[in-house]
Amino acid sequence: MTTNEENPDTNVLVAYEDFAAGTRAMTMLKRIGNQCGPGQLIHMMWRFDVLSDESFFELAVNEALAADIIVIATREGKSLPQRIKDWIARWLLMKDRRPMALVATLDYRPAKLSSKGCVLPYLTKLAHYGKMQFFANGSEAATRLNLAKINADD
């Protein structure tokens, strides 16, 4: 007989911009779930526009505080909506040890990226501030470009 300590579940909260971003995040979660071992991967999904409602906003903050992993699924090249930044700031300031990881699953469109609108540098800095592990997907060239911007800003 096994206990929860031997096979802990992993709680994941996904905040996603639209259907395509949510689908991309679910595909990633499926891969993670296949590699997690015997524990279950339990996920909650929040679409960005739903967080504009105050009661849902607070519920999503509480779920983020209980999550082991937070996934942000959006497009690179434009800034996160202010309400999503507010949501991140709220749980980041309230968290003690959780979440342990922040994951960005970004859609890189073949458009010119502006340094003001890049999600990757923003989330990288937040993960560093929150002492969380940070993982991101993306094309190698786009990731190098964004990491160069992060280093230039430091």
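The values are calculated or read from the model by the stated rules, or taken from the named source; none is laboratory data. Model, not experiment: these values are computed from the prediction. Side chains are part of the model used for accessible areas, which takes the heavy atoms of the whole protein and leaves out ligands, DNA and RNA. Shrake-Rupley method; radii C 1.70, N 1.55, O 1.52, S 1.80 Å.
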Worksheet item: Given the pairs LYS85/LYS125; LYS30/LYS85; LYS78/LYS131; LYS95/LYS125, which are separated by over 19 angstrom at their Cα positions?
Response: LYS30/LYS85; LYS78/LYS131
Worksheet entry | TRP91, TRP46, reordered so the largest accessible area comes first (probe 1.4 Å) | TRP46, TRP91
